[in-house]
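K.L.:
Have a look at this one.
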Amino acid sequence: MEIRKISNKNIVSPRGFTAGGMHCGIKQNKKDLALLVSEVPASVAGVFTTNAVQAAPLKVTKEVVYQASKMQALIVNSGNANACTGKQGLIDAYEMQSLAAKKLAIDPALVGVASTGVIGEIMKMEPIRANIEKLELGSTTEHGIDFAQAILTTDTVMKNTSYSTIIDGQEVVISGTAKGSGMIEPNMATMLGFITTDANIESDVLQKALSDITNVTFNSITVDGDTSTNDTVIVMANGLAGNASLTPVHPDWDSFYSTLQLVAEDLAKAIARDGEGATKLIEVEVSGALCDEEARKIAKTVVGSPLVKTAVFGNDANWGRIIAAVGYSGATVDPEKISIKIGNALMVQDGEPIPFSEEELIEILKADEVKIYVSLGQGEGHGLAWGCDLTYDYVKINASYRS
């Protein structure tokens, strides 16, 4: 299996994709309108928020994913979520779809729509109508950067990643970009993730792969426990690499699946690292659970605990907060078999506290990445989850989000 991470590449790196982004006037002075296009209709897969309140663009995009089963373009805006906007919101989402289709001279049924930003405000359509024709599309790195910048809200950095692998002797590239910083508790959360590939694969096969991968990547991160109305992850596969159609029995299936998972994991971790006001990425690894699902459940509970997150922010090696989160996770645990490490420092072994150096733990907790290991000693289950510390700045950002 040959998988290679590609530096300085982004969403337009696979064959046949172009993109662009610009400031149209939804936001005051930052890029806020983006367009992603495939040269040909692409196989498509999508996962969406589990929030019962879902934004208008999700209805439009779900129709493309689940009914047309092909997507050729995706129009995205930031600054307004077009959520909780009633009948007018749906009219506006369909108009965005129609405007993009008209610009590209393609069937509107092949155009997905995604929005992110403030909930409950009617979309300002005039800036989109007036400027969509001005969107410049291209396949350069700069065009991909314009797209990535135009989808951001409170993010502090762009989130891009690319990998390549070999399938049927051909190089296949999988690239992704994402946004997400707050209201992150996926199943899904306020996050948009867009992945492109030139691999040849049917939509139903791609959908199964994305759904499985989402469980161990995007659904394994949390920033603040809030589940948004707009979360969307889309994968477009246009087949221009020319490989034989991929299925789980294809000899190179593992290479494709693993590469797609790496792209999703990179994006998920980048979102967790860029949590609003965050200073550290927290990774929790759980082993010895009864099954993988229980291990992930425990890992996500620990990384989502406000008390654990604030302890990490304050460089406080308070392992009591960690073991408490393990206990209330709802998973099956035996307190007398639990062991806990922060970094390389063992703090609890078989339920018993182990003397540790406060000075050593403070240095470990000062790092940009803090790793917590929990061993349960009950089975073979393994799981990972990612999150960030909870800081004073998180409160400041969210106390003034609409101002």
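The values are calculated or read from the model by the stated rules, or taken from the named source; none is laboratory data. Being a predicted model, the structure only gives us computed values, none of them experimental. Using ideal geometry, Cβ is built from the backbone for each residue, glycine included, and neighbour counts are taken over all protein chains shown. In case anyone asks, the SASA skips ligands and DNA or RNA and just uses the protein heavy atoms, side chains included. Shrake-Rupley method; radii C 1.70, N 1.55, O 1.52, S 1.80 Å.
K.L.:
For the residue pair residue 6 and residue 63, what label-to-label distance in nm results when each label sits 7 Å from Cα along the Cα-to-beta-carbon direction?
P.N.:
Inter-label distance under the simple model: 3.4 nm.
K.L.:
List the relative contact order of the stretch 308-373 as a percent without decimals, with contacts defined as Cα pairs under 8 Å and 6+ residues apart. Mind showing how you got there, number by number?
P.N.:
Working: 73 pairs, mean separation 20.5, N = 66.
31 percent.
K.L.:
Further question on the same structure: Can you tell me the relative contact order of the chain? Whole percent, Cα pairs under 8 Å, sequence separation 6 or more.
P.N.:
18
K.L.:
About the Cα centre, and with charges only on the beta carbon of Lys, Arg (+1) and Asp, Glu (-1), how big is the dipole of the stretch 24-115? Nearest 20 debye, please.
P.N.:
Numbers: 9 positive and 6 negative charges, 35 e Å.
Charge dipole, the stretch 24-115, about its Cα centre: 160 debye, nearest 20.
K.L.:
At residue 131 and residue 109, where each label point lies 7 Å from the Cα along Cα→Cβ, what is the point-to-point distance in nanometres?
P.N.:
3.2
K.L.:
Along the charge dipole of the chain, which of 48, 282, 374 sits closest to the positive end, that is, farthest toward it, with unit charges on the beta carbon of Lys, Arg, Asp and Glu (+1, +1, -1, -1)?
P.N.:
Of the listed residues, the answer is 48.
K.L.:
Listed highest first by mean packing, meaning other Cβ atoms within 10 Å per residue, what order do 206-218, 260-272, 243-255 come in? Walk me through the numbers on the way to the answer.
P.N.:
Values: 206-218: 19.9, 260-272: 23.8, 243-255: 14.9.
Ranked from most to least packed, the peptides come out as 260-272, 206-218, 243-255.
K.L.:
Still on this model: Can you list the lysines whose alpha carbon is less than 19 Å from that of residue 5, not counting same-chain residues fewer than 8 positions off?
P.N.:
159, 269
K.L.:
Would you mind working out the magnitude of the charge dipole of the stretch 227-308 relative to its Cα centre, with +1 at each Lys and Arg C-beta and -1 at each Asp and Glu C-beta, to the nearest 20 Debye? Please list the in-between numbers first.
P.N.:
Details: 6 positive and 12 negative charges, 37 e Å.
Taking the Cα centre of the stretch 227-308 as origin, the dipole is about 180 debye.
K.L.:
Calculate the spin-label point distance for residue 208 paired with residue 39, positioning each point 7 Å from the Cα along the beta-carbon direction, and give it in nanometres.
P.N.:
Result: 3.0 nm between the two label points.
K.L.:
Charges at C-beta only: +1 for Lys and Arg, -1 for Asp and Glu. How large is the resulting dipole of the chain about its Cα centre, in Debye rounded to 20?
P.N.:
On the way: 33 positive and 49 negative charges, 272 e Å.
Result for the chain is approximately 1300 debye, rounded to the nearest 20.
K.L.:
Within 10 Å, count the other beta carbons around each residue, average over each peptide in 352-365, 131-144, 45-58, and list them highest first. If you can, show how the numbers build up before the last one.
P.N.:
Working: 352-365: 13.1, 131-144: 16.2, 45-58: 21.4.
Those peptides, ordered most packed to least, come out 45-58, 131-144, 352-365.
K.L.:
Which one, 250, 339, 260, projects farthest toward the positive side of the charge dipole computed for the stretch 247-403 from Cβ point charges (K/R +1, D/E -1)?
P.N.:
Comparing the listed Cα positions along the dipole, 260 ranks first.
K.L.:
If you don't mind, another one. Considering only Cα-Cα distances, which of the following residue pairs are longer than 21 Å: 87/208; 9/59; 9/179? List each step's numbers first, then the result.
P.N.:
Values: 87/208 32 Å; 9/59 31 Å; 9/179 17 Å.
Correct reply: 87/208; 9/59.
K.L.:
Report the FRET efficiency, 1/(1 + (r/R0)^6), for residue 253 and residue 344, where r is their Cβ-Cβ distance and R0 is 25 Å, rounded to 0.05. If you can, show how the numbers build up before the last one.
P.N.:
Values: r = 36 Å, r/R0 = 1.46.
Efficiency at R0 = 25 Å is approximately 0.10.
K.L.:
Okay, next question. If you take the charge dipole of the chain about its Cα centre, with +1 on Lys and Arg Cβ and -1 on Asp and Glu Cβ, which of 384, 76, 163 is farthest toward its positive end?
P.N.:
76
K.L.:
Whole number in Å², please: accessible area per residue of the chain, 1.4 Å probe, ligands, DNA and RNA not counted. Could you put the intermediate results ahead of the total?
P.N.:
Details: 15980 Å² over 403 residues.
For the chain, the per-residue accessible area is 40 Å².
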